[in-house]
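Novice: Dumping the structure here so I can ask a few things about it.
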Amino acid sequence: MDRLWQQACAERPSMFDGRIFVLDRIDANGAQGRWTGYRRAHAQLREPSLFDPPLRALAVNGVVVTADDHVLVARRHPRAIYLPGRWQTPPAGSVEDRGDEPAGTIRLDAQLAAEAEEELGIEPHELRPARPILAIEHPTTHVVDIGLLARTVCTAAELRQRFTRLADPEYDALETVALGSLQERLAHEPSWLPTARLLLQHLVAECRAGRTP
């Protein structure tokens, strides 16, 4: 684990061994777990056989609908550790100890808002409280994504401009897709992250049922 961490820090000096949340249990009534160092989860990404049973790191993954009814999709950087070059719905990231959560609890909407500010430049007051709609465990990494549906008061054009200014290292491209074109984009783009595909399929189903978020 130390060897893998040293390698990662040499490749990316900005790497930080912060505290992330790993799950012991998750069901329809909630989730329980504990904090651990990110270096442990990173080691499992590189060598899944290191941990038995595996760590189940908790993450949030949002699908953000803009004020003018577009959805944000972004392509993971070619040098990303996990599934480089795949398309996903930003923002996304591990549930971290940010030092501002009430003792013994984690607010997933606050975690998503923090990621949205870092990756997309969306201020917390510009994002309405997110609604959780699914949980999915990745079969290789055992990361458990909580998918959340969120609305922003920002337009698609505003967020494209902010993304260009931020130059976030997680992604090398950001696009905005009109809700009416989402099904077509899903059908013609094969390289989605599993969570992103499920989130977007759920959103298409909601729109068809007249429940535009």
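Novice: Would it be correct to say that D68 is of a type in the set (D, E), more than 21 Å from Q201 (Cα to Cα) and not in a helix (DSSP H, G or I)?
Specialist: no
Novice: Just for the stretch 101-126: of the residues that are outside any helix (DSSP H, G or I) and of a type in the set (D, E), which one is farthest from V63 (Cα to Cα)? Can you show your working first?
Specialist: From the stretch 101-126, those outside any helix (DSSP H, G or I) are 101-107, 121-123; that's our starting set.
If we keep only those that are of a type in the set (D, E) too, we end up with 101, 123.
Values: E101: 23, E123: 16 Å.
Across the stretch 101-126, the extreme among qualifying residues is E101.
Novice: Here is a follow-up. Which residue pairs have Cβ atoms closer than 6 Å, lie 6 or more positions apart in sequence or on different chains, and pair a first residue in the stretch 1-13 that is closer than 14 Å to G37 by Cα with a second residue that is modelled with pLDDT of 90 or more and open to solvent by 40 Å² or more (accessible area, probe 1.4 Å)?
Specialist: W5/R39
Novice: Another question about this same structure. Mind listing just one residue for me: the one in the stretch 161-207 that is within 15 Å of the chain's Cα centre (by Cα) and closer than 12 Å to V63 by Cα and, of those, modelled with the lowest pLDDT?
Specialist: Among those that are within 15 Å of the chain's Cα centre (by Cα) and closer than 12 Å to V63 by Cα, it is T195.
Novice: Give the stretch 47-63 a look and list any residue that's outside any helix (DSSP H, G or I), more than 19 Å from A92 (Cα to Cα), out of contact with any helix residue (DSSP H, G or I) (no Cβ under 8 Å at 6 or more places or on another chain) and of a type outside the set (D, E), or say none.
Specialist: P53
Each row is one residue, and each column tells you yes or no for (1) over 28 Å from R128 (Cα atoms); (2) open to solvent by less than 50 Å² (accessible area, probe 1.4 Å); (3) in contact with a Cys (Cβ under 6 Å, 6 or more places away or on another chain).
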| position | (1), (2), (3) |
| --- | --- |
| A8 | yes, yes, no |
| P13 | yes, no, no |
| F16 | yes, no, no |
| V22 | no, yes, no |
| G30 | no, yes, no |
| T36 | yes, yes, no |
| H42 | yes, yes, no |
| A59 | no, yes, no |
| V64 | no, yes, no |
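Novice: Take the residues in the stretch 91-132 that are touching a residue at least 24 places away in the same chain (Cβ under 8 Å), over 18 Å from L149 (Cβ atoms) and of a type outside the set (V, I, T); name whichever of them is surrounded by the fewest Cβ atoms within 10 Å (Cβ to Cβ).
Specialist: Going through the qualifying residues, I end up with D97.
Novice: Considering the stretch 27-46 alone, what residues qualify as being modelled with pLDDT under 90, on the phi < 0 side of the Ramachandran plot and outside any helix (DSSP H, G or I)?
Specialist: Across the stretch 27-46, the qualifying residues are D27, A28, N29, A31.
Novice: Next question. Given the structure, is T141 under 22 Å from L58 (Cα atoms), of a type in the set (S, T, N, Q) and in contact with a helix residue (DSSP H, G or I) (Cβ under 6 Å, 6 or more places away or on another chain)?
Specialist: Details: under 22 Å from L58 (Cα atoms): yes; of a type in the set (S, T, N, Q): yes; in contact with a helix residue (DSSP H, G or I) (Cβ under 6 Å, 6 or more places away or on another chain): yes.
Answer is yes for this residue.
Novice: Show the residue pairs meeting these rules: Cβ distance below 6 Å; 6+ apart or different chains; first residue within the stretch 56-83 and more than 22 Å from V177 (Cβ to Cβ); second residue crowded, with 16+ Cβ neighbours inside 10 Å and of a type in the set (V, I, T).
Specialist: Cβ pairs passing all conditions: R56/V22; R56/V144; A57/I20; A57/V22; A57/V143; L58/V95; L58/V144; A59/V143.
Novice: Check the stretch 136-158 and report whether any residue there is modelled with pLDDT under 90 and open to solvent by 30 Å² or more (accessible area, probe 1.4 Å).
Specialist: Within the stretch 136-158 (the criterion being modelled with pLDDT under 90 and open to solvent by 30 Å² or more (accessible area, probe 1.4 Å)), the answer is yes, since at least one residue qualifies.
The values are calculated or read from the model by the stated rules, or taken from the named source; none is laboratory data. Just so you know, these numbers come straight off a predicted model, no measurement behind them. Quick reminder, even Gly has a Cβ in these numbers, built from the backbone with ideal geometry, and neighbours come from all protein chains shown. Accessible surface areas use protein heavy atoms only, side chains included; no ligands, DNA or RNA. Shrake-Rupley method; radii C 1.70, N 1.55, O 1.52, S 1.80 Å.
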